[in-house]
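Working notes, structure below.
Only the coordinates and a few stated rules stand behind these numbers; no lab work does. Please read these numbers as outputs of a predicted model, since none were measured by experiment. Virtual Cβ from ideal backbone geometry, glycine too; neighbours counted across all protein chains shown.
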Amino acid sequence: MTQSPGQGQALDNLLTESRTFPPSEEFAAQANAQPELYEEAKADREAFWAKQAERLHWDTKWTQVLDWSDAPFAKWFVGGKLNVAYNCVDRHVESGHGDQVAIHWEGEPGDSRAITYAELQREVSKAANALTSLGIGAEDRVAIYMPMVPEAIFAMLACARLGAMHSVVFGGFSAEALRTRIEDSSCKLVITTDGQYRRGNPFPLKPAVDEAVAAAPSVENVLVVKRTNSDVAWTDKDVWWHELVDAQSDQHTPEAFDSEHPLFILYTSGTTGKPKGILHTSGGYLTQASYTQHHVFDLKPDTDVYWCTADIGWVTGHSYIVYGPLSNRVTQVVYEGTPNTPHEGRHWEIVQKYGVSIYYTAPTLIRTFMKWGADIPAKYDLSSLRVLGSVGEPINPEAWIWYRENVGGGKAPIVDTWWQTETGAIMISPLPGVVSTKPGSAQRPLPGIGAKVVNDEGVEVPHGGGGYLVLDEPWPSMLRGIWGDEERYRDTYWSRFKDQGFYFAGDGAKYDADGDIWLLGRVDDVMNVSGHRISTTEVESALVSHPTVAEAAVVGASDATTGQGIVAFVILRGGAGSDAGGAEAIKALRDHVAKEIGPIAKPRQIMVVPELPKTRSGKIMRRLLRDVAENRAVGDVTTLADSSVMDLISAGLQSGK
Ligand code: WT7
């Protein structure tokens, strides 16, 4: 099998790990999840999910739990009708919790705002009225390109309330990346800000929107929130948020939409250069986001203060800042900025300030905290923390233990949650209070979820064996397709194990002796950099679009902090000039990638080489380049068309060219 050796060393440690941490009796006694949940789901999966759907308010009840007759296109809670925003906001006000804080928002420069559920209802209603006045209705697409300001959440919920689909584009993506996403789903409206705070300074954001919109004729208006007070260019499509939204009525009656009504599109990288618009719908998505939020995080709406450090530009922000938490009537912290602004204790200062009890972050950040030193969290009172979460990539046992000891006071259970943009919500994770946790393992599918590790033939491997992770049962929050590309949906996820009808996740995995699942990284050409998915092909096409580059090959090499780092090998054009491989030129290439995709896709390293290793059929052998990038002896070269190429590459690199 072709398992990615990209994370080689971390995984070696990971596979020899055998410590376990049983839940304390105290925790188990108060836990939302009970061991019977597994039995209950197994006995009747659909009845189990129907019970979870009862967590929501349905205007019309469904007539059928699951319709899988048109597989792989699922319909969940068929015939049911609900309004997603009503479920996240209004019903909590109606049940007497209007004065509960929904969002403790913390701006990077130190400004803050507490937003109650009653206020959230008014803000979302005003925004919905404003969107209506701009001609936005059910199924229209709205691009949201914003930093982590409260209006970003109001905007998402306003779309949901109107049955319009949001397409949130991470504020760190380039104008070009924004344009292609706007174009792919013909967005009518873009919501943005004048600028954003990053590492203590205001940066402009609207110029990127101006550039994208100038080349995207589907956009009729741009709604602009004033955040940094920067000067902005103004076109006749532009409208200020504070002028339009603030003038609206704060009353708005939500309409109920079909359970399968589209809720959002979120673009993610695949194995080709073109990002995939992952489509999610309403009833099933909200059911699973809500169920997992409650059980995996042991959420107690009356007492907990929850904080997920993700950005709404990623699926984690959709499911575990907006829909999961708010549908559960959480009180949560939303933080705008970077973790070391103005100092490296910023997160712990925030935990202390608000008494955060549940904290959900990514391994890359935990490893960064480790680098900064344990003395930093030690300066703060973190005793309120009682559940810790991890997501985005495999967490190495060393980071897991550090997290438990230095953040969780040596006792808070850690939930390592495996899922994807496509799965919409958490799929594999220990249930706190029920499962004894193991550093480095996401462990077992949640009640109601079917996941397995199988070999090339689709046969489940025995305990101790490795292979591919598949999902063998449809689940409520599963993607309903790729926007505008049914074929790609079938090909990407359902063709690898077509006979078995399994969803192919793209991850390698193994079972340990207890049958717990350990995730081993991607098996396709997708890299995972700081928990962000970036396709090798996408970075390669960005590089070859630069006039000096003839050919490029990109690999993810293991990186102690970011999980993987992007390493690019480029062949320069003949006429590129004698200094083309120099430091200046390399910088120009890195900047070019940032411009084409965004700073997160900047290669860590670019090596200029005379040739690339290719098979006789012309396929680049990334495995060999990964060996070079990770300073390993180069593996088997016998399938290369020209086996001396690797010598040429190594020789060139050693002489420092
Ligand atoms: C890919 C999905 C899920 C939200 C963030 C990323 C990797 C995710 C884990 C985990 C090991 C993980 C997988 C997956 N991944 N969580 N707990 N352990 N790997 O969402 O951008 O859609 O990426 O992230 O490789 O396929 P995404």
*asked:* Classify the stretch 456-607 from the C-alpha gyration tensor, please: rounded if a/c falls under 1.5, else prolate or oblate depending on whether a/b exceeds b/c.
replied: prolate
*Within the stretch 22-115, report the GluC sites (Glu not before Pro) that DSSP leaves as loop and that have at most 12 other Cβ atoms within 10 Å.*
Glu54
*Pairs Lys42/Lys81; Lys276/Lys587; Lys188/Lys595; Lys51/Lys452; Lys81/Lys452: which are spaced more than 31 Å apart, C-alpha to C-alpha?*
Lys81/Lys452
*Antiparallel %, DSSP beta bridges [both residues in the chain], to 5*: 60 percent
*Using a 10 Å cut-off on Cβ atoms, rank the peptides 248-255, 220-227 from the highest mean neighbour count down.*
220-227, 248-255
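Classify the stretch 256-375 from the C-alpha gyration tensor, please: rounded if a/c falls under 1.5, else prolate or oblate depending on whether a/b exceeds b/c.
oblate
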*Give a quick list of trypsin sites (Lys or Arg not before Pro) in the stretch 378-425 that DSSP marks as loop, anything other than H, G, I, E or B, with at most 13 other Cβ atoms within 10 Å.*
Lys379
*Which whole-angstrom value gives the distance between the alpha carbon centres of the stretch 499-528 and the stretch 473-494?*
18 Å
*asked:* Given the DSSP H assignment, sum -39500 (n - 2.57) over each helix run of at least 4 residues in the chain and divide by its residue total; what's the result at 222 nm in deg cm²/dmol, nearest 500?
replied: -7500 deg cm²/dmol
*asked:* So if each residue of separation counts as 0.36 nm, and I subtract the Cα-Cα distance between Glu349 and Ser545, what length gain in nm does that give?
replied: 66.1 nm
*Could you work out the relative contact order of the chain, using alpha carbon pairs under 8 angstrom and six or more residues apart, expressed as a whole percent?*
14 percent
*Between the alpha-carbon centers of the stretch 319-361 and the stretch 166-219, tell me the distance in whole angstrom.*
25 Å
*Could you give the longest part of the chain that holds none of the chymotrypsin sites (Phe, Trp or Tyr not before Pro) found in DSSP loops with at most 14 neighbouring Cβ atoms within 10 Å?*
235-657
*At a Cα cut-off below 12 Å, give the aspartates and glutamates reachable from Lys353, other chains included and same-chain residues fewer than 8 away excluded.*
Glu106, Asp381
*In the structure displayed, which of Lys226/Lys371; Lys126/Lys300; Lys371/Lys602 lie more than 25 Å apart, Cα to Cα?*
Lys226/Lys371; Lys126/Lys300
